[in-house]
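S.K.: Quick one: this structure, given as structure tokens, is what I'll be asking you about.
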Amino acid sequence: MSNTITFTGLASGMDTASWVEALVNIKKSTLNSLTTKQSKLSTQQSAVSSIQSSFNSLRTSLEKITDSKFGGTFDLFAKTKTSSTADSFVSASSSSGAATGSYELSVKQLATATVAMADASALALKEESLMSSISSDVAALADGKTLSFNIYAGGVKHNIEVGKDDKVSDVLDKINGIDGINASISGGKVSISSDDGVDVVIGSSTDSLNIAKDFALLKNENGNYESFHNLTIASSSDKIAEVLGETAQGSFTIGDAEFTIDENTTFDDLIAEINSSEDAGVTAAFDKTTGQLSFTAKTNGSFNINIEKGSSDFTDLLGFTSTNSETGVTALNSQELGSFAIFSIDGDTKISSSNAVTSDISGIKGVTFNLHKVSDEDNPTTTIKVSQDTSDLLSAVKDFIEKYNSTLDLVDKETASDGDLYGDTTLNSIRNSLRSASTAKDAGASVYNMLSQIGISTGAASSDISKLSDHLELDEKKFLEAFESNPDAVKNLLIGSDNNTGVLTKLENTVEQSLKSNGYFTTRNNSIDKQITNLKTSISNENLKIDAYQARLEKQFQNLESMVSSFQSSYNSVLSMI
């Protein structure tokens, strides 16, 4: 038998740490209950938030329809559409509330705008024009240097040189010096022909100047050459004063707007300024092929575009005006006058300054007729039909039904016996109010007083309870037939009138009340928030108590260990003495 006592682990030989942990865990039962309640409240709050989001979506879908009471583009019940039997002749568009019906249109004349066109010869290539004005190769020549091209007459080659200072007349004279060849220019076009059928070929592989390109020459079936477009001495990027001379500088007027040309103003600059001016009342354009500037009135009709010379000779130089050198009086040159549209609606002849005929001209509310082509024998009239457009309304009704069904499904799921909001009587009451309003009669409504009468119902009646549903369904055919038969009655049933509230308006009011600052969702969320806050405080206090309890236990067992250790030391001392 051993004379000593041996302890393992702690001085007492006991696992006091496990004892402390077990005692503390017993104490934590209250804390666990509190955290379980907190978790449940958080889950409930998440469920409330999901349902609130669903109610918001339902409200939005309802507002798409009920906002029709504000009229205009909001009114889905007043939307219209148009159709045409001949779109290429007359088409139409309509706004909400447009007069529905069928209209016969015949177009006698389209509206056109007046055009003021510059004199074609104003910027056209002339005999006195420099070759450098049309040929970049000639313009790039150094002084005293020349380029050359060849002309074959009856197979015989003739070389012609062109210098930087040569005029068009110089080149034409050299060509005319060839026996049997005639060259001339008129209206900006060059012609080169032969006498007595002599074969003429312009150009060779050794040419340093492509005269056919510069003169835009093509050989015709008679064997002669002619420019295929008018040649011009100007491009839109050229400075006006350099092309027309210094007298082009100064001011002139178009419409009620004054424009000024200085030494640096280009045709592009002037065109941009004219087109950005509302007072000018025209659109300016530069034809790159002919070198002609034109002004087109922005308003159709048979009237002149006002063009006044001013201190600049620009309008005279381009032929828009003519000034008498003796009297100094300036006259406006002739313009291509526009015309008014002449058409008939159901045999009633009308006139319009625009091909887009609005209701102030036609007298038909909310409809714009677009005239595209004059009627002919094959299409003497075009039938325009204006009818109700139910596409947006039908889409909105379908969206409402979808949101309504999904909202009720979510509420039913969360308030079921295994749901997070089981026993929430207020939420169930709101849900039942929605269900009742959607199936009940709307007092005061005429013709239709229940949604089922216009094709919105909970489905066909059945004796099978499993097939019964709170879901709304849409019989699209029945809905459209009801709307076509009496659109006002359908509108009154859905959104109300002076005599009734409207089913969807009632639903919207119920949903709106639940979403208000003092409604169900705010109140419920505030209640949950308050409970969670109180629980957090309780959990924090309970944790402090447990920490203190654990510290106290550890201290007590530590004292016990000290006592056992002291007793063991004394015992060992006695044994040693014995």
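The values are calculated or read from the model by the stated rules, or taken from the named source; none is laboratory data. Just so you know, these numbers come straight off a predicted model, no measurement behind them. Here the Cβ is made from the backbone with ideal geometry for all residues, glycine too, and neighbour counts use every protein chain on show.
S.K.: Among residues belonging to the stretch 58-74 that are under 23 Å from the mean Cα position of the chain (by Cα) and β-branched (V, I, T), point out the one that is nearest to I495 (Cα to Cα).
M.R.: If we take residues in the stretch 58-74 being under 23 Å from the mean Cα position of the chain (by Cα) and β-branched (V, I, T), then T60 is nearest to I495 (Cα to Cα).
S.K.: Next up: How many residues are assigned to a helix (DSSP H, G or I) and either in contact with a Phe, Trp or Tyr (Cβ under 6 Å, 6 or more places away or on another chain) or of a type outside the set (V, I, T) (or both) if we restrict to the stretch 416-429?
M.R.: Qualifying residue count for the region: 4.
S.K.: Now for a separate question. Check T296, T349 and return the single one that is assigned to a strand (DSSP E or B), modelled with pLDDT of 95 or more and under 32 Å from the mean Cα position of the chain (by Cα).
M.R.: T296
S.K.: Among all residue pairs at least 6 apart or on different chains, which show Cβ distances below 6 Å where the first residue, located in the stretch 433-460, is in the same structural domain as L480 (by TED's automatic domain parsing) and the second is in a loop (DSSP other than H, G, I, E, B) and among the acidic types (D, E)?
M.R.: Within 6 Å, the pairs are R435/D470; N449/D442; G455/D475.
S.K.: Of (1) within 32 Å of the chain's Cα centre (by Cα); (2) within 22 Å of A234 (Cβ to Cβ), D279 satisfies all except one. Which?
M.R.: Tallying (1) within 32 Å of the chain's Cα centre (by Cα); (2) within 22 Å of A234 (Cβ to Cβ), D279 fails exactly one: (2).
S.K.: Restricting attention to the stretch 126-171, and to residues there that are of a type in the set (D, E, K, R) and assigned to a helix (DSSP H, G or I), which single residue is farthest from I192 (Cα to Cα)?
M.R.: Among those that are of a type in the set (D, E, K, R) and assigned to a helix (DSSP H, G or I), it is D137.
S.K.: Do any residues in the stretch 53-64 that are not assigned by TED's automatic domain parsing to the domain that holds A396 have Cβ atoms under 6 Å from those of residues that are surrounded by fewer than 17 Cβ atoms within 10 Å (Cβ to Cβ) and outside any helix (DSSP H, G or I), where the two are at least six apart or on different chains, and which pairs are they?
M.R.: none
S.K.: Continuing with the same structure: D399: among the charged types (D, E, K, R) and at pLDDT below 95, yes or no?
M.R.: So D399 does not fit the description; no.
S.K.: Can you tell me which residue is surrounded by the most Cβ atoms within 10 Å (Cβ to Cβ) among those in the stretch 485-498 that are over 32 Å from the mean Cα position of the chain (by Cα) and more than 11 Å from Y448 (Cβ to Cβ)?
M.R.: So, considering only residues that are over 32 Å from the mean Cα position of the chain (by Cα) and more than 11 Å from Y448 (Cβ to Cβ), the one surrounded by the most Cβ atoms within 10 Å (Cβ to Cβ) is G496.
S.K.: Then there is this: I'd like to verify a number: residues in the stretch 384-428 that are polar (S, T, N, Q), within 16 Å of T80 (Cα to Cα) and surrounded by fewer than 16 Cβ atoms within 10 Å (Cβ to Cβ), how many?
M.R.: 3
S.K.: Looking only at the stretch 207-222, which residues are more than 20 Å from M131 (Cα to Cα) and either at pLDDT 90 or above or touching a helix residue (DSSP H, G or I) at 6+ places or on another chain (Cβ under 9 Å) (or both)?
M.R.: Correct list: K219, N220.
S.K.: Looking at the stretch 313-331, is at least one residue surrounded by fewer than 18 Cβ atoms within 10 Å (Cβ to Cβ), under 17 Å from A280 (Cα atoms), of a type in the set (A, V, I, L, M) and without any contact (Cβ under 8 Å) to a residue 40 or more places away in the chain?
M.R.: No.
S.K.: While we're looking at this one, here's another question. Of all residues in the stretch 182-219 being within 14 Å of H158 (Cα to Cα) and among the acidic types (D, E), which is nearest to the chain's Cα centre (by Cα)?
M.R.: Applying the filter and picking the extreme gives D207.
S.K.: Another question, if that's okay. Restricting to the stretch 220-248, count the residues that are over 48 Å from the mean Cα position of the chain (by Cα) and under 22 Å from V198 (Cα atoms).
M.R.: Residues flagged as over 48 Å from the mean Cα position of the chain (by Cα) and under 22 Å from V198 (Cα atoms) within the stretch 220-248 amount to 7.
S.K.: Considering each of A437, A445 in turn, give the residue that is among the hydrophobic types (A, V, I, L, M, F, W, C), on the phi < 0 side of the Ramachandran plot and not in a helix (DSSP H, G or I).
M.R.: Testing whether each residue is among the hydrophobic types (A, V, I, L, M, F, W, C), on the phi < 0 side of the Ramachandran plot and not in a helix (DSSP H, G or I) leaves just A445.
S.K.: Given the conditions (1) assigned by TED's automatic domain parsing to the domain that holds I175; (2) over 30 Å from G180 (Cβ atoms), and given that S95 satisfies all but one, which numbered condition is not satisfied?
M.R.: (1)
S.K.: If we scan the stretch 275-292, do we find a residue that is in a helix (DSSP H, G or I), farther than 29 Å from S132 by Cβ and not assigned by TED's automatic domain parsing to the domain that holds I192?
M.R.: Within the stretch 275-292, one or more residues are in a helix (DSSP H, G or I), farther than 29 Å from S132 by Cβ and not assigned by TED's automatic domain parsing to the domain that holds I192.
S.K.: Still on this structure, please answer the following. Considering only the stretch 214-273, how many residues are free of Cβ contacts under 8 Å to residues at least 24 places away in the same chain and basic (K, R)?
M.R.: 1
S.K.: Just to be sure, is S406 of a type in the set (G, A, S), assigned by TED's automatic domain parsing to the domain that holds S485 and part of a helix (DSSP H, G or I)?
M.R.: When the stated conditions are applied, S406 passes them.
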